[in-house]
Amino acid sequence: MQMNIVSALNNALDLAMTENEKMVLLGEDIGTDGGVFRVTDGLLSKYGESRVIDTPLAESSIVGTAIGMAIGGLFPVPELQFAGFMYLSFSQIVNHVARYRARTRSAITLPMIIRTPVSGGVRTLEHHSESPEVEYAHIGGLIVVEPSNPYDAKGLMLAAAHGKDPVIFLEPTKLYRLFKQDIPENAYEVPIGKANVIKQGDDLTIITYGTMVEVVKNVVEKRKLSAEVVDLRTINPIDEKTIIESAKKTGRVMIVHEAPLSFGVGAEISARIAEKAIFELDAPIIRVAAPSLPYPLPGDEKFYVPNELKVSKAIDKLLSE
Amino acid sequence: MIKKIFDATINYMQIMDENGNIDQQLFPKNLSDEQIIEMYKYMSLARAVDAKNLSLQRQGRAVTYAPLLGEEATQVGSAYAMRENDLFVPAFRQHALYMVKGLPLYKLFLVLKGYEDGFDAVDKPSKLNVLPEIVPVATQLPHAAGLAYAKKYSKDGSAVITYVGDGGTSEGDFYEAINFAGVFKLPLIIIIENNGWAISIPRKKQTAAGTLAQKAIAAGIPSIQVDGNDVIGVYKAVSDAVMNSKNGPTVIECITYRMGIHTTADDPTKYRPDADVEAWKPKDPILRLRKYLEAKGLWNQSKEQQMADQNSKLIDAAVDKAEAFVVNPKSMFENIYSYMPDVLKEEEDEAEASGFWQEGSVE
Ligand SMILES: Cc1ncc(C[n+]2csc(CCOP(=O)(O)OP(=O)(O)O)c2C)c(N)n1
Ligand SMILES: [Mg+2]
């Protein structure tokens, strides 16, 4: 079936809700409107308003009530309309979603999928373009995934739906309808915690995820590089094994993400490579990311989000060392 | 043109006054003498456990603690009015709920000593139906609303009761939770345990609203204010709310008083005159219930002594058992995900191998 990320996610949620009658969706405008990006389109009429819940406009309680629903035996899938507004639920996520299992020594667990659109490049209002993955990955207790294509979007969603852990499911807005893929109609899973080596290569390793996967792929293709490209897919827990293996293989590593440089996923990966493979590197690790400042208004975004040129120049540097 | 389009009233209810006199009209017909004695015993046990834990904390044998002294009627009366299958979502001061719900006392002392293992029995396996204590103020209220949603969804007829302090009613989560409960007409009872203080901030500085109960009006749900030191009044208000829970939520503001410190890290002499506390002493919830029971010939000094002896035996045994507990630091790592990720396993193995979990000092 030809699908973009929106239809792949819609299809995954549909399959998961059919399989599991305890699954409920909740969020702002997800019912009648089908979500502002239409990810939940058609599900209200299929599953009814007790399972597709248009909530009041209140983010903290969207996650907070989802916690109670999970404790009460449901499998909630809260949608936060935009990642920039998800901060209003940050206390619930950090203080409770991430900790409830620990707090009760696993007597109470919170299977749930917290969905939100992330990242920019779509020329929209302030607070609609954030890339908050590290903010959730840093906590511990939260699985953080971010697909970069329709196949992974559906497979990760179903893996999360079949799991027992709280998952922060980040959906790059820019990729929602960017391209289609032919993906299986039936249910399948993409394993959580497993990075995808989307291209084998010998000269350098580029580790990336989300919106930057397309950018990196384009540069590698245009320049016909023998680059190994790793799409993380899961940010936390990080697939260290795949990363270290590739670093050792090529000896030159670059990490590319849209989120700001400092304290980012790139820093985490660099540290792990430094700890486990530094003597097998031929050049210092390079990070390509947005500058260490908040996402600007759209007028400046093309100077902010890393693009093919920025990635390509960094590759020159990495190969010249 | 101007016309009145909305009007509302908040009622205050008291059934048993400070001297133990009863308003017969309001007295719940289904409440037996035995049940009242049982509530008296829970209130007394809660006060004894509270005192014990304070002393343990002062000796360095328990962590920071929020005492419930003076608030026993609000906690026990409300808990006692709930049915077997109803669920409890406390804040951080409602230790008495665990006693009413039958959490083994040593488990409570484990929690008070700082071990999650005390809460490993809170839910399904033991059917206790009471959630762990929640420290971030008011954040438990949306959980309670979501739980009530799940209960309504399951159509099992049960209700959820949750607790928040007077200070907690200023939090966004309070408004969000009662609003959500109102929209979906959830079987939820919200107890505002108004003890007059939020650490050093008196009730009057928390809001210009004349009552906290009236906050429910904006959410479109019924509410009442009750004398929170009157266990019969609290019992009745909650029983009525339980009866009505199939139609939707109720907010109950219980007026009580924090007779002690906020927590063991607090010194109230800095912000609260002793005279204020003195003025509340005659309204003590246990004292007044005892007056009532004695006047009815249901209680006397020898029964009191017998109960006190029993309680201290029970408490000492529980403390001994809790103090014998040895925690396994691996539990920290192994209760984070449903499986053990490689990267976390490596951290656990390293920590164990390094020996820093053993006693010792740097040479
Ligand atoms: C969100 C949050 N803010 C601040 C605190 C610190 N704190 C703990 S208890 C408390 C006062 C709570 O007052 P109230 O809601 O009246 O409950 P009480 O302590 O009187 O039972 C504060 C400020 C906290 N635990 N959580
Ligand atoms: Mg208070």
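Some observations on this one:
- Residue check for B:GLY233: surrounded by fewer than 21 Cβ atoms within 10 Å (Cβ to Cβ) and more than 16 Å from ligand 1 (Cβ to nearest atom): no
- Number of positions in the stretch B:82-106 that are under 20 Å from B:THR264 (Cβ atoms) and within 14 Å of chain A (Cβ to nearest Cβ): 4
- Test result for A:SER45, surrounded by fewer than 18 Cβ atoms within 10 Å (Cβ to Cβ) and either aromatic (Phe, Trp, Tyr) or in a helix (DSSP H, G or I) (or both): yes
- Exactly one residue among A:ALA66, A:ALA58 is buried (at least 24 other Cβ atoms within 10 Å of the Cβ) and within 9 Å of chain B (Cβ to nearest Cβ), and that residue is A:ALA66.
- Qualifying positions in the stretch B:328-342 - at the interface with another protein chain (Cβ under 9 Å from one of its Cβ atoms) and open to solvent by 60 Å² or more (accessible area, probe 1.4 Å): B:MET332, B:GLU334, B:TYR339, B:ASP342
- Contacts under 6 angstrom Cβ, first residue in the stretch A:272-297 being under 16 Å from A:THR250 (Cβ atoms), partner polar (S, T, N, Q), 6 or more apart: A:ILE285/A:SER270
- Residue within the stretch B:14-25 that is in the same structural domain as B:ILE252 (by TED's automatic domain parsing), in a helix (DSSP H, G or I) and touching a residue at least 24 places away in the same chain (Cβ under 8 Å) present: no
- Single condition B:ASP166 does not satisfy, out of (1) more than 8 Å from every other protein chain (Cβ to nearest Cβ); (2) open to solvent by 10 Å² or more (accessible area, probe 1.4 Å); (3) in contact with a Lys or Arg (Cβ under 6 Å, 6 or more places away or on another chain): (2)
Conditions (1) surrounded by fewer than 20 Cβ atoms within 10 Å (Cβ to Cβ); (2) among the aliphatic types (A, V, I, L, M); (3) within 16 Å of ligand 2 (Cβ to nearest atom); (4) in contact (Cβ under 8 Å) with a residue 24 or more places away in the chain, marked per residue:
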{"residue": "B:THR139", "(1), (2), (3), (4)": "no, no, yes, yes"}
{"residue": "B:ALA148", "(1), (2), (3), (4)": "no, yes, no, yes"}
{"residue": "B:LYS152", "(1), (2), (3), (4)": "no, no, no, yes"}
{"residue": "B:ASP156", "(1), (2), (3), (4)": "yes, no, no, yes"}
{"residue": "B:GLU171", "(1), (2), (3), (4)": "yes, no, yes, yes"}
{"residue": "B:GLU176", "(1), (2), (3), (4)": "no, no, no, yes"}
{"residue": "B:ALA213", "(1), (2), (3), (4)": "no, yes, yes, yes"}
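- So B:PHE184, is it aromatic (Phe, Trp, Tyr), more than 15 Å from ligand 1 (Cβ to nearest atom) and within 14 Å of another protein chain (Cβ to nearest Cβ): yes
- Among the residues of the stretch B:67-90, just one is open to solvent by 10 Å² or more (accessible area, probe 1.4 Å) and within 16 Å of ligand 2 (Cβ to nearest atom), namely B:LEU69.
- Scanning the stretch A:100-113 for residues being buried (at least 19 other Cβ atoms within 10 Å of the Cβ), facing another protein chain (nearest Cβ under 9 Å) and either within 16 Å of ligand 1 (Cβ to nearest atom) or assigned to a loop (DSSP other than H, G, I, E, B) (or both) gives a total of 6.
- Scanning the stretch A:271-296 for residues that are buried (at least 20 other Cβ atoms within 10 Å of the Cβ) and within 20 Å of A:GLY193 (Cβ to Cβ) returns a single hit, A:ILE273.
- Filter result for the condition that a residue is within 14 Å of chain A (Cβ to nearest Cβ) and either at pLDDT 95 or above or open to solvent by 40 Å² or more (accessible area, probe 1.4 Å) (or both), over B:LYS113, B:LYS41, B:LYS52, B:LYS127: B:LYS127
- Scanning the stretch B:178-204 for residues that are away from ligand 2 (no atom under 11 Å from the Cβ) and part of a strand (DSSP E or B) yields a total of 4.
The values are calculated or read from the model by the stated rules, or taken from the named source; none is laboratory data. What you are looking at is a predicted structure, and each value in this text was computed from that prediction instead of being measured. All Cβ positions, even for glycine, are placed from backbone atoms using ideal geometry, and neighbour counts span all protein chains on display. Ligands, DNA and RNA are stripped out before the accessible areas are found, and what is left, the full protein with its side chains, is counted by its heavy atoms. Shrake-Rupley method; radii C 1.70, N 1.55, O 1.52, S 1.80 Å.
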